[in-house]
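Below is one structure; the comments refer to it alone.
The values are calculated or read from the model by the stated rules, or taken from the named source; none is laboratory data. Bear in mind the structure is a predicted one, so any value in this text is a computation, not a measurement. Neighbour counts are summed over all protein chains in view; Cβ atoms, including those assigned to glycine, are modelled from backbone coordinates with ideal geometry. Surface areas here come from the heavy atoms of the whole protein model, side chains and all, with no ligands, DNA or RNA. Shrake-Rupley method; radii C 1.70, N 1.55, O 1.52, S 1.80 Å.
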Amino acid sequence: MVLHPEIILLLYALAVFLSSFLLFLVQPIIAKQIVPWFGGSASVWSACLTFFQIVLLAGYAYSDLIQRLRPPVQTSLHAALLILSLVSLPILASDAWKPSGDEAPLFRILGLLAITIGLPYFMLSTTGPLIQSWWAREQHDPQTAQRAYRLFALSNFGSLLGLLAYPFLIEPYVSTREQAWVWSSGYVVFTLLVIGVGLRAMRRPTAPPPVAMPGGQDAPASGRPSLEDHLLWFSMAGLATLLLLAISSHITQNVASIPFLWILPLSLYLLTFVIAFEGRGGRGWYSRETLMLPALAIAGIMAWGLVADDGIMGIQEAVPLYLAGLFLICLFCHGELALSKPPARYLTRFYFMVALGGACGGLTVSLLAPLVAPLYWELPFGLLLVGLMAIWVTVRQKSVAAPTRTLFAVGAFASMACTTYYTAEHVESLFYNNELASRNFYGTLRVNQVQYPDLEGPTRRLVHGVILHGLQNTDPALRRVATSYYGPDSGVGLAIDWFNRNRVQGARMGIVGLGVGTLAVYGRPQDHYRFYEINDAVIEIAREHFTYLSDSQADQSFALGDARLQLEREAPQQFDLLVIDAFSSDAIPVHLITQEALAVYMRHLRPDGAVIFHVTNRYLRLSPVVQQLAHNAGLMAMLLSHQPEDDTGRLLASTDYVLVTRNTLLMADAKIRDAQYMIEPIDGLRLWTDDFNNLLQVLK
């Protein structure tokens, strides 16, 4: 039976669409499984993206190399690898990969992902270029062969749908384990479909290559790509990926630590591929004359935004600016890729260079930058490169009219000048009054000093991104005073005070999240304070730049690593009070407020002990979540809120804590009752477990 060419193309398109849908759907599925093991840091998402870029590169390299084999050998090899990849199903991360606390997180994450989803992800990544090459190989008409590039646009559209389907259609309704099984079932269907398409392609005669096959608008007349073409593909793809990760890190660490902002930049990045490679005649919808100058202009505005973040712009202005900038610049990069794409016979080489650039851009942000830069400098560096790339494109295209080339060159130099000026201001502001600026896998840390006019000595602060993680006034009269979120009238201050009054022989306190060690100020000679901290740099800073720990009278011990994992492994600690105060910038790690987490905490408490959750947050309503956990476990929960008065506002912050216990005497204490506030319920809120949570439902 002879199938109509459009039906055949539809089968190829279905295979490409399903592969790309699964390719990007697996990213949040597996990331959600492993993020809790590494402290809930946004850097875990960047590490995952780096892994995906590396495997994508390997898949594209395979697709290019396999073209040297005869069609029957290609299909047989690919089918064998697809069947072998089924051994990895279902895609559930093994508990054996949970960190103990002293490993390098990046390399452990890469190893975990390689074992768990490496081969299936590799096979998915090969599908787009390989099937496009199979389609182009069958076509006798060069123009028809070029339609293979439209499958690339379809591939990115499928990726975009897979990515967006997760937070809105899958995560709110399907548990993590069920997600893994459903995805694995979809992968089996994909395997059968691709093997079927491969068998058909193997039986079809290969069309002889024409003398000249047209490529993109800027493809060389000879059709064969030059070294400069390869460098352009590599550079444009690398710049787009570098800015994707740099902007994602910037807005989640320095503007607004909202987990959903991990997905928005990647969605816009994929959308620009769709726009660039889709359109009539295979030209796409990108126009250099229309879009290059806006991309250059917004690069300069974003550089200004690095300075304006601090006080001038709020989240309502900053997030749209960075997302719009990412969209326009990626559209410029990917549009130039589309204009320079080669004839279809070279498409696997084209995709390989794009993937190579993307992998190098990702590694620059996730691996190289933390080693050489104390703060997030890759964003201004990337913005500067936008102008350089525009100059290259302008010089390269000699067929463009002279006035237009002059306009492009002026715009590029103006963008670079603006970026350079504001980058210098940004760097100067970051290092102003800094005693320390450091960076590692968990983000950037700065210790600086602020002189308040109504206080004698300067106030030393620890800042993670733009979020204050503790402060201490250096005046001897005030340096032993609890500050920021931990004042005597805060929820945690009241709870510690109650146990100090009722534990004459000494209290045992567990504190998840060290900060600058402020809570140690409440320690008495007979007390023991055990701190759980995932970032060894924070422990070093608390000891060397602040004196709360050294001034404390309490005995102290420290556990390095994710607190949840450490508590799971430890023998019962018999804490009177366990303080859950871990924050990744401004976002509380979700794995610390689940049903299973609460059970771990209760195992470490004395019968009349308590857990207190620090739920102060600008974007999420977490007190109803904790209340539901408590009630499900047969415990009492109370919201304790405190708004400091004006005369103490310099050193104190407004706070919200939820106290969870079965201790009726603690809950009946007059000071505790006076700080109580009503917890407003959330309609339809489901119990949070390790297998299910829904952040969309708790957005303020």
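Quick notes on this one:
- Taken as Cα centroids, the stretch 62-86 and the stretch 488-554 sit 60 Å apart, rounded to the nearest whole angstrom.
- Probe 1.4 Å - accessible area at Tyr60, Å² to nearest ten: 30
- Projecting the Cα positions of Thr423, Pro607, Ala390 onto the charge dipole of the chain (unit charges on Cβ atoms of Lys, Arg, Asp and Glu, taken about the Cα centre) puts Ala390 furthest along the positive direction.
- Summarising the amide proton neighbourhood of Gln556: residues at separation of 5 or more, or on other chains, whose placed amide H is nearer than 5 Å comprise Tyr529.
- Computed 3J(HN,Hα) for the stretch 227-244, one whole-Hz value per residue from the Karplus formula 6.51 cos²θ - 1.76 cosθ + 1.60 where θ = phi - 60°, is 4, 5, 4, 4, 5, 5, 4, 4, 5, 5, 5, x, 5, 4, 5, 4, 6, 4, glycine and proline marked x.
- With at most 12 neighbouring Cβ atoms within 10 Å, loop GluC sites (Glu not before Pro) (DSSP) excluded, longest segment of the chain: 1-455
- Largest first, the residues Cys330, Cys418 sort by 1.4 Å accessible area into Cys418, Cys330.
- Accessible surface calculations at 1.4 Å, restricted to protein heavy atoms, place the chain at 39 Å² per residue.
- Reach of Lys398 by Cα under 29 Å, taken over lysines that are not fewer than 8 positions away in the same chain: Lys341
- Compared with the direct C-alpha span, the chain from Glu568 to Leu687 gains 40.7 nm at full extension, assuming 0.36 nm per residue.
- Checking (i) 30.3, 95; (ii) 28.0, 92; (iii) 24.0, 73 against the coordinates, the calculated Rg and Dmax of the Cα atoms in Å falls under label (ii).
- Calculated FRET efficiency for the pair Arg396/Ser100, C-beta based, R₀ 56 Å, to 0.05: 0.60
- With every protein chain in place, the stretch 11-80: carbon and sulfur % of accessible area (1.4 Å): 77
- A dipole drawn for the chain from +1 and -1 charges on Cβ atoms has a positive end, and of His545, Val26, Ala507 the residue lying farthest that way is Val26.
- Once the chain from Ile115 to Arg524 is taken as fully extended at 0.36 nm per residue, the excess over their C-alpha distance is 142.4 nm.
- Backbone phi angles across the stretch 596-608, fed through the Karplus curve with coefficients 6.51, -1.76 and 1.60 (θ = phi - 60°), yield HN-Hα couplings of 5, 5, 4, 4, 5, 4, 5, 5, 9, 9, 5, x, 9 Hz in residue order; Gly and Pro are listed as x.
- Compared with the dominant principal axis of the Cα atoms in the chain, helix 105-138 is inclined by about 20°.
- Given charges at beta-carbon only (K, R positive; D, E negative), |dipole| of the stretch 311-440 in Debye: 860
- Inter-label distance for Ala633 and Trp181, nm, one decimal - labels placed 7 Å from Cα along Cα-to-Cβ: 2.7
- Using a probe of 1.4 Å, the accessible surface attributed to Arg137 totals some 40 Å² when neighbouring protein chains are kept in position.
- Amide proton proximity set for Thr689, modelled H, under 5 Å, gap of 5+: Gln595
- Given a 1.4 Å probe and the protein chains as shown, Asp581 ends up with an accessible area of around 10 Å².
- Only Cα pairs under 8 Å and 6+ residues apart enter the sum, and on that basis the relative contact order of the chain stands at 13 percent.
- FRET efficiency for the pair Leu368 and Asn502, taken as 1/(1 + (r/R0)^6) with r the Cβ-Cβ distance and R0 = 51 Å, rounds to 0.45.
- Between 0 and 90°, nearest 10: helix 71-85 axis offset from the chain longest Cα axis: 20
- Cα-only Debye scattering, the stretch 10-89: base-10 log of I(q)/I(0) at q = 0.17, 0.25 Å⁻¹: -0.88, -1.32
- Approximating the spin labels as points 7 Å out from Cα along Cα→Cβ, the Ala668-to-Leu231 distance works out to 8.1 nm.
- Most to least packed among 672-683, 404-415 [average Cβ atoms within 10 Å]: 404-415, 672-683
- Of the accessible area of the stretch 313-462, computed with a 1.4 Å probe over protein heavy atoms only, carbon and sulfur atoms account for 67 percent.
- Here the dipole of the stretch 375-472 is about 580 debye; that uses its Cα centre as origin and unit charges on the Cβ of Lys and Arg (positive) and Asp and Glu (negative).
- Added length on full extension, which subtracts the Cα-Cα distance from 0.36 nm per residue, Arg603 to Leu696: 30.5 nm
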